[in-house]
Amino acid sequence: MQTRILSAILALALAIAAGCGGDDESEQSGGQEQGQSATVKVATIPTAAAAPLFVGIDQGFFKQERLQVKTQFAEGGAAIIPAVQSGEVEFGFGNTVSLFIASERGLRLPLVAAGQVAPTDENKDETAVMVPAKSKIRTIEDLAGATIGVNTLQNVSQLSISAGMDRAGVDSKSVKYTEVPFPEALPTIESGDVDAAFFGEPFTTLGERAKARTIFRPFSAGVPGGQIGAYFASESYVDKNRDVVDRFARAIERSNQYVIDHPDAARTAVPKFTKVPADVAKEMRMPVFVPKIDAAALQTLADLSQKYGLTKERVETADMLFDPSE
């Protein structure tokens, strides 16, 4: 069983390195006339949070908007933001905390469509802080002074762990964070290189199958209800391609709603873009999605980011939202 799980993780890592293609037609995007066909490249993370994008491709929602989508993977917003800013890709999907940090640093990256939100019910939370079965860490209190791996530093994973620990009365300032990509989380805790790590599906279920122990579920414990994921573009791309951006946003909204109404579609999609076994996808908890960005939930998360020092000043998130009417 252990060999099979580690093999699945290796397959995910290879899939991330190789990237994953959507529709296979190639057309130029940029400066498009209204309604004209366009090809857009989207950088995303290799977790179940990306499922609506791939479901939307499969369901033809983007084709109906005359958009061809190409996809590629990165570990988190900190890696995706430069790709969007440089024009390597037209759209990115990542955690909003990284986008708050970018906004404070003067980068204009309009949020064009919603990703996942943090559940308020831990039973619906697909994230977990996990330790190996042999670990002496058994409660959240035992995490004081621990080294915890997160997919990228200064992102929503780190924020949710810190906030969840403090809410439980444990000093989060005693924790040291280090970067551990999602596919490496299980091998890294088992090797002892870190005491614990942040897991998101499908890696959470892979960890559970390997008998890793869940200490707490950080999204629901630390940032319940927060708008933690979003699709974004560069300001220059939006200014030149408002019609394309509007069509992309509509397709994502339809994709999110479809996954809300048909969660099994997401479970079917996940093995296709992560190479995770279908039985793992069938078993895992699904992220919670909303059709459109919840502006209040977005601001709440931005304020929490300031509280924990990820941003120095209050980020006004209303200024970050794409307005198709402009």
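Any read-out appearing in this document is the output of simple, stated calculations on the displayed coordinates, not a laboratory observation. From a predicted model like this one, the values you see are computed outputs, not experimental measurements. All Cβ positions, glycine included, derive from the backbone under ideal geometry; neighbour counts span all protein chains shown.
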statement: In whole percent, the Cα-Cα distances of segment 45-98 spread across 5 Å bins from 0 upward as 4, 19, 26, 24, 18, 9, 1
message: As I understand it, the value is the acute angle between the Cα axis of helix 2-18 and the longest principal axis of the Cα atoms of the chain; what does it come to in degrees, rounded to 10?
response: 30
query: Over segment 81-166, what lengths in whole Å, largest first, do the semi-axes of the equivalent ellipsoid take, defined as the square roots of 5 times the eigenvalues of the alpha-carbon gyration tensor?
result: 31, 15, 12
field: Sequence ranges 167-178, 295-306, ranked by mean other-Cβ count within 10 angstrom, highest first
entry: 295-306, 167-178
Percentage relative contact order, the chain, counting C-alpha pairs under 8 Å, at least six apart: 28
- request: With everything on Cα atoms, drop me the angle between helix 242-261 and the longest principal axis of the chain, reported from 0 to 90° to the nearest 10.
  value: 50
- line: The ³J(HN,Hα) series, computed from each phi in segment 83-97 with the Karplus coefficients 6.51, -1.76 and 1.60 at θ = phi - 60°, rounded to the nearest Hz and given as x for glycine or proline, is 5, 6, 4, 7, x, 4, 10, 7, 10, x, 10, x, 7, 6, 4
- request: With an 8 Å cut-off on Cα pairs and a minimum separation of 6 or more residues, tell me the relative contact order of segment 53-189 in percent.
  value: 21
message: With +1 assigned to the C-beta of every Lys and Arg and -1 to the C-beta of every Asp and Glu, and no other charges, what is the dipole magnitude of segment 192-326 about the Cα centre in debye, to the nearest 20?
response: 580
- request: Would you compute, from DSSP H runs of 4+ residues alone, the mean residue ellipticity of the chain at 222 nm, taking -39500 (n - 2.57) per run and dividing by the full residue count, rounded to the nearest 500?
  value: -12000 deg cm²/dmol
query: Working from the pairwise distances between different alpha carbons, so that the mean of 1/r is found and then inverted, what is the chain's Kirkwood radius in Å?
result: 19.6
query: Can you list the aspartates and glutamates whose alpha carbon sits under 16 Å from that of Lys240, skipping same-chain ones fewer than 8 residues off?
result: Glu33, Glu88, Glu90, Asp323, Glu326
task: Pick out which of Ala212, Ala79, Ala278 has the largest mean-square fluctuation in a Gaussian network model of the chain, springs linking Cα atoms closer than 10 Å.
output: Ala278
J(HN,Hα) series, segment 289-302, from Karplus relation 6.51 cos²θ - 1.76 cosθ + 1.60, nearest Hz, glycine and proline x: 10, 10, x, 10, 4, 8, 4, 5, 5, 5, 5, 4, 5, 5
statement: What one gets for segment 217-294 as the Kirkwood radius, inverse of mean 1/r over different Cα pairs in Å, is 14.7
- prompt: Got a sec? Charge dipole of the chain, +1 on Cβ for Lys and Arg, -1 for Asp and Glu; which of Ala185, Ile252, Ala43 is way out at the positive end?
  reply: Ala185
field: Dipole moment magnitude, nearest 20 debye, the chain about Cα centre, only Lys, Arg, Asp, Glu C-beta charged
entry: 760
- request: Could you list which residues have their amide H under 5 Å from that of Asn95, counting only those 5 or more apart in sequence or on another chain, with H placed in the peptide plane?
  value: Gly77
message: Apply the Karplus curve 6.51 cos²θ - 1.76 cosθ + 1.60, θ = phi - 60°, to the phi angles in segment 144-153 and return the couplings in whole Hz, x for Gly and Pro.
response: 4, x, 7, 9, 10, x, 10, 4, 9, 6
field: Reachable aspartates and glutamates, given that their alpha-carbon falls under 13 Å from the alpha-carbon of Lys312 and they are not under 8 places away in the same chain
entry: Glu104, Asp303
field: Beta bridges by DSSP in the chain, antiparallel share as percent, to the nearest 5
entry: 50
query: What does the convex hull of the alpha-carbon atoms of segment 170-284 project to on average, in nm²?
result: 10.0
query: Arg108's amide H: which non-local residues (gap 5+, or another chain) put their own amide H closer than 5 Å, with H modeled 1.01 Å from N in plane and none for Pro or chain starts?
result: Glu235
- prompt: In whole angstrom, how long is each semi-axis of the equivalent ellipsoid of segment 70-222, when you take the square root of 5 times every eigenvalue of its Cα gyration tensor and sort them from largest down?
  reply: 28, 17, 14
- prompt: What is the mean projected area of the alpha carbon convex hull for segment 178-227, to one decimal in square nanometres?
  reply: 3.9
task: Treat every Asp and Glu Cβ in segment 122-222 as -1 and every Lys and Arg Cβ as +1, leave all other atoms uncharged, and give the resulting dipole magnitude about the Cα centre to the nearest 20 debye.
output: 240
